[in-house]
1. Based on this model, can you work out whether K225 counts as open to solvent by 10 Å² or more (accessible area, probe 1.4 Å), closer than 19 Å to A7 by Cβ and in contact (Cβ under 8 Å) with a residue 40 or more places away in the chain?
2. Quickly run through region 219-259 and pick out the residues that are among the acidic types (D, E) and more than 23 Å from V56 (Cβ to Cβ).
3. Of all residues in region 47-77, which are among the hydrophobic types (A, V, I, L, M, F, W, C) and assigned to a strand (DSSP E or B)?
4. With respect to the numbered conditions (1) touching a strand residue (DSSP E or B) at 6+ places or on another chain (Cβ under 6 Å); (2) more than 18 Å from E226 (Cβ to Cβ); (3) of a type in the set (A, V, I, L, M, F, W, C), which one is the sole condition not fulfilled by L252?
5. Name the residue that is least open to solvent (accessible area, probe 1.4 Å), counting only residues in region 255-314 that are at pLDDT below 95 and touching a strand residue (DSSP E or B) at 6+ places or on another chain (Cβ under 9 Å).
6. Check region 91-107 and report whether any residue there is open to solvent by 60 Å² or more (accessible area, probe 1.4 Å) and assigned to a loop (DSSP other than H, G, I, E, B).
7. How many residues are more than 21 Å from E31 (Cβ to Cβ), surrounded by 16 or more Cβ atoms within 10 Å (Cβ to Cβ) and not charged (D, E, K, R) when one looks only at region 203-220?
8. Which one of E218, E158, E238, E196 is free of Cβ contacts under 8 Å to residues at least 12 places away in the same chain, in a helix (DSSP H, G or I) and charged (D, E, K, R)?
Amino acid sequence: MGEIVGAGLLAHVPTMVLPEQDRLALNEGREISLVTGLRRLRAEVFESDGYDTVVVLDSHWATTVEFVVSAHARRAGLFTSEELPRGMCRMPYDFPGDPELAHAVAEFAGRHHTWITAVDDPYLPLHYATLNLWKFLGEGLPDKRWLSIGVCQTGDAEDHLRLGRALADGIAATPGRRVLLIASGALSHTFWPLRELRDHEASDVRHIRTRRARAADEERIAWFKEGRHGHVLTTMGEFAEFKPEARFAHYLMLAGALGEGACGAPGRQYGEYENSIGTGQVHLWFDRPAAGWTGGGPAEGVTVAHTAPAHPQRTPHSRPEEA
């Protein structure tokens, strides 16, 4: 029987993979703590022998009529981002996948009344929400398998929770598999307009798009640290005002896999809560509690507000009033 042995809500911003001198120039001469945080997370978690496979819940990979899970035996090539080719250009990658796990997850679609397809097409695009984190946490660890699952842009909160439930069942059905889950994406996610953007590239939180967005992010970070996943879920409707990346679908899938409101796993933070051109970014890691993901935690009754579908990353961002 397989098991989820750790999980994270991690940032993937392009700034992290810029050359060091460029990062320092954008951040008033200081290293961004998202970088140092991932380096520490790698040393403390990802360089261990306590897991076999990493599953990335990728907020940049938007499908339309079904969830898709990458089922390649191996993925290798060069990546150039269509979004920011100046900073992410011809990045090499080479890592094994986990076809057995991918197909196991897809087999549970019917049980959870959703649609999941495992795809191993060699031309299936890779997205930087997966690749940037692999660069920090997986590169140089050749025996660790990585696969990705996209958000579905026609899916609502319940659909993404169902994907998470199927993911947990697929992991449990894969003998001996020890899995780390990564919800790859931001908290509040409204950019500064282009003509103002370059005045807000430093990581200091004074550059978060609005004070109210910053407060909403910080409130949820505190709940995550307390293990109050149920409270995060019950307030999804309130958080939607601040346009969390991909409607927070990456986290909803993670929550579905970890037991939703019954999950009481407290998070520990790696690095600071930081700005990225208006958006709120943080690294939070959840270790599996000794009593299990749903054992001994502060379980809360949960009714998740019906959020709008998780539109893809490229959906235009409105410009809210300053608050």
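The values are calculated or read from the model by the stated rules, or taken from the named source; none is laboratory data. This is a predicted model, so every value here is computed, not measured. Here the Cβ is made from the backbone with ideal geometry for all residues, glycine too, and neighbour counts use every protein chain on show. Areas reflect the complete protein model, heavy atoms only, side chains present, ligands, DNA and RNA absent. Shrake-Rupley method; radii C 1.70, N 1.55, O 1.52, S 1.80 Å.
1. Working: open to solvent by 10 Å² or more (accessible area, probe 1.4 Å): yes; closer than 19 Å to A7 by Cβ: yes; in contact (Cβ under 8 Å) with a residue 40 or more places away in the chain: yes.
Yes; evaluated as a whole, the condition is true for this residue.
2. Residues of region 219-259 that are among the acidic types (D, E), as a first pass: 219, 226, 238, 241, 245.
Selection gives E219, E226, E238, E241.
3. Taking region 47-77 first, the residues among the hydrophobic types (A, V, I, L, M, F, W, C) are 54-57, 61-62, 65, 67-69, 71, 73, 76.
Across region 47-77, the qualifying residues are V54, V55, V56, L57, W61, A62, F67, V68, V69, A76.
4. Going through the list (1) touching a strand residue (DSSP E or B) at 6+ places or on another chain (Cβ under 6 Å); (2) more than 18 Å from E226 (Cβ to Cβ); (3) of a type in the set (A, V, I, L, M, F, W, C), L252 breaks only (1).
5. This residue is A310.
6. From region 91-107, those open to solvent by 60 Å² or more (accessible area, probe 1.4 Å) are 92, 94, 100, 103, 107; that's our starting set.
Among the residues that remain, those that are also assigned to a loop (DSSP other than H, G, I, E, B) are: none.
No; the residues of region 91-107 include none that is open to solvent by 60 Å² or more (accessible area, probe 1.4 Å) and assigned to a loop (DSSP other than H, G, I, E, B).
7. Of the residues in region 203-220, 3 are more than 21 Å from E31 (Cβ to Cβ), surrounded by 16 or more Cβ atoms within 10 Å (Cβ to Cβ) and not charged (D, E, K, R).
8. Numbers: E218 fails: free of Cβ contacts under 8 Å to residues at least 12 places away in the same chain; E158 fails: free of Cβ contacts under 8 Å to residues at least 12 places away in the same chain; E238 fails: free of Cβ contacts under 8 Å to residues at least 12 places away in the same chain.
Result: E196 is the single residue among E218, E158, E238, E196 that is free of Cβ contacts under 8 Å to residues at least 12 places away in the same chain, in a helix (DSSP H, G or I) and charged (D, E, K, R).
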